[in-house]
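This report concerns only the one structure given below.
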Amino acid sequence: MVKICCIGAGYVGGPTMAVIALKCPEIEVAVVDISVSRITAWNSDALPIYEPGLDEVVKKCRGKNLFFSSDVEKHVSEADIVFVSVNTPTKTQGLGAGKAADLTYWESAARMIADVSKSNKIVVEKSTVPVKTAEAIEKILTHNSKGIDFQILSNPEFLAEGTAIQDLFNPDRVLIGGRETPEGQKAIAALRDVYAHWVPVDRIICSNLWSAELSKLAANAFLAQRISSVNAMSALCEATGADVSQVSHAVGKDTRIGPKFLNASVGFGGSCFQKDILNLVYICECNGLPEVANYWKQVIKINDYQKTRFVNRIVSSMFNTVSGKKIAILGFAFKKDTGDTRETPAIDVCKGLLGDKALLSIYDPQVNEEQIQRDLAMKKFDWDHPVHLQPMSPTSIKQVNVVWDAYAATKDAHGVCILTEWDEFKTLDYQRIYDNMRKPAFIFDGRNVVDEAKLRAIGFIVYSIGKPLDQWLKDMPAVA
Ligand code: NAD
Ligand code: UGA
């Protein structure tokens, strides 16, 4: 029986391995992690991450050919194929701080693999890593190998959160990079056979290692670039009276451009876009390509501008101050259908409002108070480390109140900000919300989910990203 072990039971390792186990019943899959609490959760009824469809997949395989364990060394030593799906955070100190990828966790996983291995292994990079990481990993493994053959493959993951199971069942492509030697090609074939259990072979792309590593960074940069492009347009739409939804619809109808990823928003979030672009920028700089680095840096700058612009719009339209005013925040996760808050734009928007002394009442159907308080207190990039290495729970921010209901959040509020596009926000009883708010009552829709005309008819002053402005907002221009 082929044995697979995945180091890292996170958003990628957990769902990816669960789907491999489901689709390949004759393969034994073990998912291991240094975080004991995460493994305990994977073995319980309350999985550590919320992802539609994940529960069913895990329930079908757990205990049969899918195992979650903190006995990292045992499972690594027994495996034929070892996936590494550990954190690759942005460095916060030293050379490349604020940009380069911190490969501490990757390196320690590689050293451990070398230490405990007694048989030949294929080691698969599942984490997103800088180009040429495979070479560094290969060096660590071969210098400590005791004669064991290690083949390194790059097999980056393209799943998106909230649709992870769907994406894994039906991927646009699976990418496998390996050495162009006979041994490298054999390793590629072995991994291709695993995916071929359910992915059509014409969607399994094989390449050299460096192309696979770089393609992952490039794909995320291209996706984020589309969002920054439409967000840049949203500012111009507000200034000219154009409607960003109409513009992106018209632009996206061009089959060369396509309709996806053209929704204007308060800014993109998530664990990877910013981190991977910063990493790309650093690689460009290290390779003497400052013009290319600056080109990609601009994608992040527009994203930061969009969040700042949103906060400024709120404050300026509410008579230039939100001090002591209750503002309801609807949605804190970085997108709908996930409880993940990593790099969510809600953090920067909330911090901006708190900086102006607002009182925040926050509701998200999937994010609890402890997480929100941690996110608002944590330093940039500190979140991307194993849970037990993150700073201890900080003291709560007093101006922040977290509630479990949109109506409680909005009661007596001066303004409502929609920061995640949860479906339930489309069907709230906005008349009831209006009746219970202070007047004038404002809605700032950072995800373009509400029907502005209906809300205006109720009496709200409405701001929707990239849409024609109410007279009120025109009269209170925001400083960019
Ligand atoms: P995560 O933080 O959810 O999971 C990483 C896990 O690795 C943690 O549980 C941590 O405890 C564990 N870990 C760290 N060092 C370890 C070690 N030495 N031994 C055992 N376990 C260890 O992260 P994630 O979101 O799953 O991302 C993992 C990688 O995949 C990152 O490189 C990320 O860029 C990439 N990626 C993420 C996504 C996504 O949607 N989240 C998508 C594609 C790629
Ligand atoms: C993204 C990529 O889509 C995945 O292919 C990739 O594997 C993953 O990053 C990764 O490497 O981590 P994810 O971050 O989970 O996936 O979610 P997305 O759907 O890409 O959304 C990212 C952010 O962009 C969210 O905040 C979302 O609200 C925002 N977004 C997305 C927009 O503002 N407008 C859009 O049109 C689309």
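The values are calculated or read from the model by the stated rules, or taken from the named source; none is laboratory data. This structure is a prediction, so every number in the text was calculated from the model and none was measured. Cβ: placed from backbone, ideal geometry, glycine included. Neighbour counts: every protein chain shown.
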Could you give every pair whose Cβ atoms fall below 8 Å, whose first residue belongs to the range 256-274 and is free of Cβ contacts under 8 Å to residues at least 60 places away in the same chain, and whose second residue is away from ligand 1 (no atom under 12 Å from the Cβ) and assigned to a loop (DSSP other than H, G, I, E, B), counting only separations of at least 6 or pairs across chains? Pro259/Lys253
What pairs can you find where one residue is in the range 73-99 and farther than 24 Å from Tyr11 by Cβ and assigned to a loop (DSSP other than H, G, I, E, B), the other is basic (Lys, Arg) and at pLDDT 90 or above, and their Cβ atoms are less than 6 Å apart, with a gap of 6+ or different chains? Asp80/Lys3
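Regarding Val322, is this residue assigned to a loop (DSSP other than H, G, I, E, B), surrounded by 21 or more Cβ atoms within 10 Å (Cβ to Cβ) and either without any contact (Cβ under 8 Å) to a residue 40 or more places away in the chain or on the phi < 0 side of the Ramachandran plot (or both)?
Here the answer is yes, as Val322 does meet what is asked.
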Which of the residues that make up the range 148-166 are within 12 Å of ligand 2 (Cβ to nearest atom), over 16 Å from Cys6 (Cβ atoms) and crowded, with 18+ Cβ neighbours inside 10 Å? Glu161, Gly162
Would you check which residues across the range 160-186 are free of Cβ contacts under 8 Å to residues at least 60 places away in the same chain and of a type in the set (S, T, N, Q) and list them? Asn170, Thr181, Gln185
Quickly run through the range 204-253 and pick out the residues that are over 24 Å from the mean Cα position of the chain (by Cα) and charged (D, E, K, R). Glu238, Asp243, Lys253
Kindly check whether there is at least one residue in the range 88-98 that is touching a Lys or Arg at 6+ places or on another chain (Cβ under 6 Å), modelled with pLDDT of 95 or more, polar (S, T, N, Q) and within 11 Å of ligand 1 (Cβ to nearest atom). no
Out of Thr128, Thr104, report the one residue that is under 24 Å from Asn220 (Cα atoms) and touching a residue at least 12 places away in the same chain (Cβ under 8 Å). Thr128
What tally of residues in the range 411-433 results from selecting those that are under 24 Å from the mean Cα position of the chain (by Cα) and either assigned to a helix (DSSP H, G or I) or surrounded by 14 or more Cβ atoms within 10 Å (Cβ to Cβ) (or both)? 9
Given the condition away from ligand 1 (no atom under 16 Å from the Cβ) and of a type in the set (Phe, Trp, Tyr), answer yes or no: does some residue in the range 151-171 qualify? no
Just the residues that are closer than 19 Å to Val2 by Cβ, more than 16 Å from ligand 2 (Cβ to nearest atom) and of a type in the set (Lys, Arg), please, taken from the range 83-141. Lys118, Lys121
Just to be sure, is Val247 at pLDDT 95 or above, away from ligand 2 (no atom under 12 Å from the Cβ) and either buried (at least 17 other Cβ atoms within 10 Å of the Cβ) or part of a helix (DSSP H, G or I) (or both)? yes
Show the residue pairs meeting these rules: Cβ distance below 8 Å; 6+ apart or different chains; first residue within the range 394-410 and assigned to a helix (DSSP H, G or I); second residue aromatic (Phe, Trp, Tyr). Ala406/Tyr363; Ala406/Phe425; Ala408/Tyr363; Ala409/Tyr363
If you take the residues of the range 177-203 that are more than 19 Å from Asp80 (Cβ to Cβ) and hydrophobic (A, V, I, L, M, F, W, C), which of them is farthest from the chain's Cα centre (by Cα)? Val201
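Just the residues that are within 22 Å of the chain's Cα centre (by Cα) and either modelled with pLDDT under 95 or part of a helix (DSSP H, G or I) (or both), please, taken from the range 20-33. Spell out how you get there, then give the answer.
Just the residues of the range 20-33 that are within 22 Å of the chain's Cα centre (by Cα), to begin with: 20, 31-33.
Ile20, the sole residue that qualifies.
Looking at the structure I just gave you, is Asp470 at pLDDT below 95, over 27 Å from Asn312 (Cβ atoms) and crowded, with 18+ Cβ neighbours inside 10 Å? Steps first, answer last, please.
Values: at pLDDT below 95: yes; over 27 Å from Asn312 (Cβ atoms): no; crowded, with 18+ Cβ neighbours inside 10 Å: yes.
So Asp470 does not fit the description; no.
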Any residue at all in the range 343-362 that is crowded, with 24+ Cβ neighbours inside 10 Å, within 22 Å of Tyr50 (Cα to Cα) and over 19 Å from the mean Cα position of the chain (by Cα)? yes
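Scan the range 229-276 for residues that are within 16 Å of ligand 1 (Cβ to nearest atom) and either basic (Lys, Arg) or in contact with a Lys or Arg (Cβ under 8 Å, 6 or more places away or on another chain) (or both) and jot them down. Steps first, answer last, please.
First pass over the range 229-276, keeping only residues within 16 Å of ligand 1 (Cβ to nearest atom): 261, 268-276.
Result: Phe261, Gly269, Gly270, Ser271, Lys275, Asp276.
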Return only the number of the condition from (1) touching a strand residue (DSSP E or B) at 6+ places or on another chain (Cβ under 9 Å); (2) within 29 Å of Ile465 (Cα to Cα) that Ser215 does not satisfy. (2)
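For every residue, the table says whether it meets (1) of a type outside the set (Gly, Ala, Ser); (2) buried (at least 17 other Cβ atoms within 10 Å of the Cβ); (3) under 21 Å from the mean Cα position of the chain (by Cα).
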{"position": "Ser77", "(1), (2), (3)": "no, yes, no"}
{"position": "Asp80", "(1), (2), (3)": "yes, no, no"}
{"position": "Phe83", "(1), (2), (3)": "yes, yes, yes"}
{"position": "Pro89", "(1), (2), (3)": "yes, yes, yes"}
{"position": "Thr92", "(1), (2), (3)": "yes, no, yes"}
{"position": "Gly96", "(1), (2), (3)": "no, yes, no"}
Read through the list (1) surrounded by 21 or more Cβ atoms within 10 Å (Cβ to Cβ); (2) assigned to a helix (DSSP H, G or I); (3) more than 16 Å from ligand 1 (Cβ to nearest atom), then give the number of the only condition that Ile329 fails. (2)
In the range 264-303, what count of residues is obtained for those that are more than 8 Å from ligand 2 (Cβ to nearest atom) and either on the phi > 0 side of the Ramachandran plot or not in a loop (DSSP other than H, G, I, E, B) (or both)? 27
